[in-house]
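The values are calculated or read from the model by the stated rules, or taken from the named source; none is laboratory data. Since the structure is predicted, the reported quantities are computational estimates derived from the model, not experimental observations. FYI the Cβ positions are ideal-geometry reconstructions off the backbone, even for glycines, and counts take in every protein chain you see. Please note that ligands, DNA and RNA were not included when accessible areas were found on the heavy atoms of the full protein model with its side chains. Shrake-Rupley method; radii C 1.70, N 1.55, O 1.52, S 1.80 Å.
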Amino acid sequence: MKTKLSVNLNKVALIRNSRGQNFPNLIEVAQDCEKFGADGITIHPRPDQRHARYSDIHELKKVVTTELNIEGYPSRKFLDEVLKACPHQCTLVPDPPGVLTSNTGWDAKKHQALLAGVVKELKAANIRVSLFMNADLEMIKAAADTGTDRIELYTGAYAKVRDGDNKELTNHVDAAKLAGQLNLGLNAGHDLNLNNLLKYNSAISNLLEVSIGHSLVVDSIYYGLQNTIQLYKRQLN
Ligand code: PXP
């Protein structure tokens with residue numbers, strides 16, 4: 001099974017916003033990513049819209065021919081924008097408003113009622129739902145109870161471990177097996193890069209999709225966008 005690469009364009013949006021003009025043009029970059037082999041495009045509009053903006057969701061929906069994945073905390077504003085645009089997938093993330101970047105998965109027990117309600121609303125609009133989760137078996141069971149289609153495993157802790165015995169990877173393998181048993185589709189993301197992706201993907205046979213932004217954009221400075229996307233794809237096939 002081939003694992004799909006969804007390119008997260010938040011860092012491209014950040015560069016665009018830094019000059020107050022439409023350069024680089026996010027839409028053109030998304031189209032080029034697809035041309036160069038990306039299987040999907042992801043953005044994560046945060047409440048302050050410092051990276052991707054809510055309006056980007058709608059512009060991207062018009063042009064993306066692969067899969068559009070919108071990530072974010074399910075505030076009413078976020079959900080209304082997502083429901084208006086109807087992307088292929090919406091990944092719900094428990095980010096507090098001012099957080100630098102997503103750094104943990106949902107407590108799906110504590111937020112069961114909220115998540116179940118939002119999952120139902122998004123699925124009724126034919127939007128596939130994924131919940132951002134830690135590799136925590138109890139929480140993954142609770143995530144399944146919300147009715148979500150998929151989970152996205154938070155790989156930040158896995159990525160932090162340098163070589164040697166990576167207990168985190170074992171946790172992810174166990175979490176992935178459980179997701180399979182619970183009929184949950186499996187995505188993963190955060191801090192994945194050219195040094196840790198192959199090992200992760202090789203260990204997890206039911207990994208459907210990874211979403212990668214920061215390292216991919218940094219690597220593009222050195223290798224160019226087309227080469228970089230191909231390098232990441234090679235780790236996945
Ligand atoms: N998945 C989620 C839920 C995220 O919030 C992010 C960062 O926006 C990513 C994946 C991608 O992480 P990175 O930019 O480290 O590749």
* Filter the stretch 204-222 down to residues that are within 19 Å of G105 (Cβ to Cβ) and open to solvent by 20 Å² or more (accessible area, probe 1.4 Å) and give me whichever is farthest from the ligand (Cβ to nearest atom). => N206
* Do you know which residues across the stretch 80-96 are within 16 Å of the ligand (Cβ to nearest atom) and modelled with pLDDT of 95 or more? -> V82, P87, H88, Q89, C90, T91, L92, V93, P94
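For (1) under 16 Å from the mean Cα position of the chain (by Cα); (2) in contact (Cβ under 8 Å) with a residue 12 or more places away in the chain; (3) within 16 Å of the ligand (Cβ to nearest atom), each residue gets a yes or a no:
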{"site": "G37", "(1), (2), (3)": "no, yes, no"}
{"site": "H51", "(1), (2), (3)": "yes, yes, yes"}
{"site": "T66", "(1), (2), (3)": "yes, yes, no"}
{"site": "P74", "(1), (2), (3)": "yes, yes, yes"}
{"site": "D145", "(1), (2), (3)": "no, yes, no"}
* **Index of the failed condition, D174 passing every other in (1) away from the ligand (no atom under 15 Å from the Cβ); (2) farther than 19 Å from T104 by Cα; (3) acidic (D, E)** => (2)
